[in-house]
Amino acid sequence: MLLPAASLPVMTGQALACLLLLFILLLRPGVMAMTPANTVIQNQSTASYYWSGRDYDIASNAVRNSVAPLYRFRLDPDGTVANPGQTAYGEPGRSIYFPYVLTNTGNVVDSYDLSAVFLQGSFLPSYRSIYLDANGNGRLDVGEREITQVESLEPGAFVSLLLRIDIPPDAPAGGRAAPEVYHDLRGRSLGDPGIVDQENVNLILLAHDAVLKISKSPAVASVAPGSQVDFVLDVINVGNFVAQPETVVVDGVARQGVLVRDQLVGVAEGLVHYVPGTLAASPGGQRRLARLVGEDGWRELSSANEAALAAQIAELAVLFDKNTELFVPNQQARISFRLAIAEEHPAGLLPNSSRVQYRNRHGESREDLATNTVRILVQAKVNQVLIGPYNDPAALGDVFGELNNNGDVTLDPGVPVVAPNPHGLQVVGNTVYFLNTIRNNANAPDTINISLDALSNLPPSWLPNVSILAIGGVKQRLEADGVTPFLDPFTGAQLFAPTSVSTLFDSNGDGIADTGPLAPGASRSIAVRVIIPHDALPNDQPYGDNNGQGYRVTLRAQSTLDPGKSNLTSNTILQIMATGNFWDPFIKAQNAPEVITVGTTIPYVNIFGNSGPGPVFNTVIRDELSEHLTNVQNITNGIVYDSAGTGQTITATGHYDAALHEVVWHIFEIPPRFVGRIGFSADVAPSAKNGTEIPNIFSITSDQTQTVRLSNQVVAAVGGENVLTINKKVSTDKVDMGDPLRYEVEVHNKGSEPLRNALVTDLLPRGFRYLPGSARVDGDKLEPEISANGLTLRWPLGTMAPNSSVTIVYACVVTTDARPGHNINNVSVSAFLPMGSRLEADSGAEVEVELGIFHNDSIIFGRVFVDQNDDHVQNHAEPGIEGVRLILEDGTFVLTDREGKYHFSGIKPGMRVLRLDETTLPPGMKAAVVDSQNALNPLSRMVELRYGTPHKANFRVLPSVAAASAAAMEGRPTIAPAPASEAPAPAGATEAPANVLKPIRVNLDGAATRVEIECESAVSAEATVDEASGIVHVMLPGVRSSEQRDRVALDDPNIASLRCHLDEEEGRAKLQVRLRKRSSGYPTARHELTDKGLLITVGEPDRAPDYDPMPLTKQRSTAPSPHEFEPLILSPEPGETFISGSQISVQTAFFIAGQATLYVNGEAVPEDRIGQRGVDMTARRMTLLYYGVNLIPGANTLRLEVLNPGESTPRVSEVTVLRAATPVKIALEVKPQPLMADALTEPQLRITLLDDKGVPTGHGS
């Protein structure tokens, strides 16, 4: 019994301390009791929380505590005077031995003082001493020494002791009341002298009678589990009288004899059992007995029943009944037997108690218990250390080639996948948790070390990201809905995950994380965390499987009780994929205007696509806004359609978080191959100054991609045009060819941030040549980079500091290649703000180039006069004619003044043709030939100009007699008579009634197309076919009204469109039938006149265009014709130019069951641009009308792709149209070329407006 040496009041205070200690122990049961002194105990807290649709775990810092020394010990057995722990009978002159066991129950090595204290009795012993029972057999053997102190006993260790008490020869004996004596074996801790153990009282009864003593000795002091141990019991009569027999009931029959019995501790638990056939007695022939578990009576053992009863025998006995006077004084007997120790027997002491029962000379029952209890140490034995998958530490596997406990494996199920993608696929950057369970299969408490084994095949970069962790608990893994259990895709078993994780500490101080002390058969589960590195895959590798072996983390569990015992388990990630390959596309875009100021609204778009192997759950998209953005609006919220055109939808729940100034979307599920677009708009805040850059980026996470992935960054610059400026000046605004020019360019950075990579680009006009060596940049000589044609100069300026400027000065020479007139020298500068925003500015300087001494133009001058005397020259009295127009072959014209004079200046040398416009002559006037330069046509003259020389060219006109007569009748001056051919119309004549054009009918006739043109009344139609352009021109004289639309686009294999124009001045209708061009050219066109119009046939009825060259034959079935399968872009037509805006309408036609996609310059037009749909069930055709299709300046390619049923590749129709920008020049074309000065050929002038790319701004001239 443990008692402190201090008084009770002190005990009260210590009790409070013990209560506090108990509270601490409740935090970690069993840790303080057996943990060695000065052990450092580490502790860490964890927390789990839920935020924004995701679970998170965090761990605190680790704290360390040192275990204080605890001095405790125990002496057994306990006993008091009222109830002695041991009792022995003895006669005077005999030595009595009492066995005791001392155990160190503290946590520190300690030594102990021992003493045997006389308490009370009827005599004093003649000798008392304490011996160290080295072999624990309960008797004093040779070499076992006398002690007063036990030194340096380890925590948990014990020693066996023998207390010897000698009865003096003269001790009073005899009588019915035996003399007695009480002794107490006491101990005191030397580490803490206040700790003592007393009340271990024994009793000696002095008797003058038969005294049977029993001593027991095992063959060995310690035994390994699974082995056997032999016991020997010696019985001797140390008294003065014969021991009398006791009555014992055996199998229901009363027997007489001395009974020696031995109790087998642990039989009921299966820890020990009797080995059949080993119970023997000497002298022989005695009765062997056994008592079974759960029974009180004795059975006699025989060779027939011994083996069957062995496992149930709880107590063995031998009844010496053959000779009732066997045990005379000093007579001795021996019993032996064998016990088998079970493999699973716990390590520690195995007690075994024996006793002898008899009667003394007075017939009183006697029993010896003093020296018959021995304790054998059952050795600690580690049968096997087991580690394996969660709750299955004994699992088998063949990871390393052989099926055993070392080859078991836990496979990560990976992210959700859809067929045919395999399970076990993880994403780079994810954190993967594995659960493993360790079991102590030893017969003693064991601390099992857990370490990463060399058989792991992880790449070196992975190893720092692998942790072995303690868990705070486990939870069932659920699907994304939070309800459905998530089952292992490989086995169908339920999956679990840690509720929280913390550091797995080293509890025994050997530098290796361990389980802490585990009781025999106890288990503990741990977690293995693997963080897949972001650089686990090269940039060009989307997937990885570690050469087909997977990424394996192999753990070794090693016993500290027997370091030779260990076990392996593996945790494997089968395959990984790159996050870039998972989220694809993943793009941040903005539709910012070119000029951004305070208050400008900037639309932002986030584009994301699930290119992973399966659906993605609980996706969270965050768009953190700049402080310079405000008034967040137009947040995508609700249904989002698949931009890839699959028809799938998702639901995005978006909102603006004012506290964090960010836009957040939550999407429960994104199907594989889905591409979504979400966005919002925000205004530029007043805090943004000129040069402020507004960055924007968005992030994405999900259950499958736990690592935050960031998109590209877009940047909008506020007031960039006010930050980077450029100005150009020229030394003079006029210059002659051959003269030099001096240019000065000033570049300013007016912002508060530096500008990087500033580059000045100067574009010289044609004929301007840079003068080498003339350039200076801020006064320092710096030559520019010059292009191959010498017209582009570049100066890289590097970084421009805030509020700085750079001045560039250089000189040019104007060569004779320069264009006379105004020439503009344009210069531009570009630079980048710190975040990458590109700023641009431009300027220019205009110079007028004059020919100077290089002038070689000529002048044509002359008069238009009335040659009254027809002598081919103008006489003094012959007047000139005012207002007559004269035209050169290039279209240049002048009007004569009141004297009939005219002149052309700046005319280039060469042969020129000058023509008089007869429509500008006064009535009654007619041109006449002047000389041979008229080329037989009085309205034109051939003029040959030489360099810089003038040339005179007169025109003469003659009066008409008819005109003179008419003028005289009206009282006007008579010039000449009018020609007889210009007589007025006869009186009473009436104008012909107006004709009306009916709607034109277009029908298919086999493979040909019939165009029926009909008017309300008879008409003399005219038709011509322009084979080069594929246009049939039709003239309908007298048609002044039309029921036909001006323009119609046709879904026809032969005809593209119809156009109708009413010429009110001419009183006629003009029609154009535009043929559809095929790979073989335009189809043939024929026409025949009818009474009220004409019939045009395009193509051959029995020959399909560009298909089968053989004649068509009538088919019995109604299979679609080749034309039905062909896609067509009905409008616009090829080469059509648009000048009014950047958006047009496109009409398409295709097979009714086809899947159509319209592309503009390679980019698919969204389906929401379809404004009208039409279906022609007879022709099996569908038409779509797209509105708001965007064009870029210049050439634009419209491409219609249609995938028809049963076809693997789409059919294509493609046209190219033009979008013109602002006109910057005029193109003039004169036809025919050359223009003949024959007074017959009429020149045709074609004037076309062109933009800066040379694209015409319209169709007409």
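Tabulated data for the structure shown
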item	result
Degrees between helix 8-27 axis and first principal axis of the chain (Cα, 0 to 90, nearest 10)	40
Virtual spin-label span in nm between Val67 and Lys1253, 7 Å along Cα→Cβ	8.3
Note, ³J(HN,Hα) from phi for the range 105-120, Karplus 6.51, -1.76, 1.60, rounded to Hz, x at Gly and Pro	9, x, 10, 9, 4, 9, 10, 9, 8, 10, 8, 9, 10, 6, 9, 6
D_trans [Stokes-Einstein, Kirkwood Rh over alpha-carbon pairs] for the chain, 37 °C, 0.692 mPa s, µm² s⁻¹	73
R0 of 35 Å, Cβ-Cβ distance Ser122-Arg145: FRET efficiency to nearest 0.05	0.65
Difference of contour (0.36 nm per residue) and Cα-Cα distance, Ser523 to Arg756	77.4 nm
Sorted peptide list for 531-541, 336-346, criterion being average Cβ within 10 angstrom, highest first	336-346, 531-541
Among 380-391, 621-632, 770-781, the order from most to least packed when residues are scored by Cβ within 10 Å on average	380-391, 621-632, 770-781
For the chain, calculated [θ]222 nm from helices alone, where every DSSP H run of n ≥ 4 adds -39500 (n - 2.57)	-1000 deg cm²/dmol
28 Å tail of the calculated P(r), the range 112-257, as % of Cα pairs	39
Extension reserve of the Ala304-Ser353 stretch, reckoned as 0.36 nm per residue once the Cα distance is removed	14.9 nm
Along each principal axis, Cα extent of the range 995-1098, largest first, Å	39, 24, 21
Inter-label distance for Ser45 and Arg769, nm, one decimal - labels placed 7 Å from Cα along Cα-to-Cβ	8.6
Cα pair distances in the range 723-776, grouped into 10 Å bins until the bin that holds the longest one, percent each	17, 46, 25, 11, 1
Extension reserve of the Ala801-Asp166 stretch, reckoned as 0.36 nm per residue once the Cα distance is removed	217.7 nm
Cβ-defined net charge surrounding Asp897, 13 Å radius [Lys, Arg +1; Asp, Glu -1]	+2
Computed E for Glu783/Ala1221 - FRET, C-beta separation, R0 41 angstrom, nearest 0.05	0.70
Distance in nm between pseudo-label sites at Thr80 and Glu1214 (7 Å out along the Cβ direction from Cα)	11.0
Per-pair calculated FRET efficiency, R0 = 45 Å: Ser365 and Leu132 via Cβ, rounded to 0.05	0.85
Long-range amide H partners of Gly424 with built H, under 5 Å	Gly414, Val415
Convex hull per residue volume in Å³, alpha carbons only, for the range 383-577	130
Interchain or long-range residues, amide H under 5 Å from Ser507's placed H	Asp514, Gly516
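Taken together, the values in this text are just the output of simple stated rules run on the coordinates, not laboratory data. Fair warning: this is a prediction, and the values are worked out from it, not measured in the lab. Ideal geometry is used to build each Cβ from the backbone, glycine not excepted, and the neighbour counts take in all protein chains shown.
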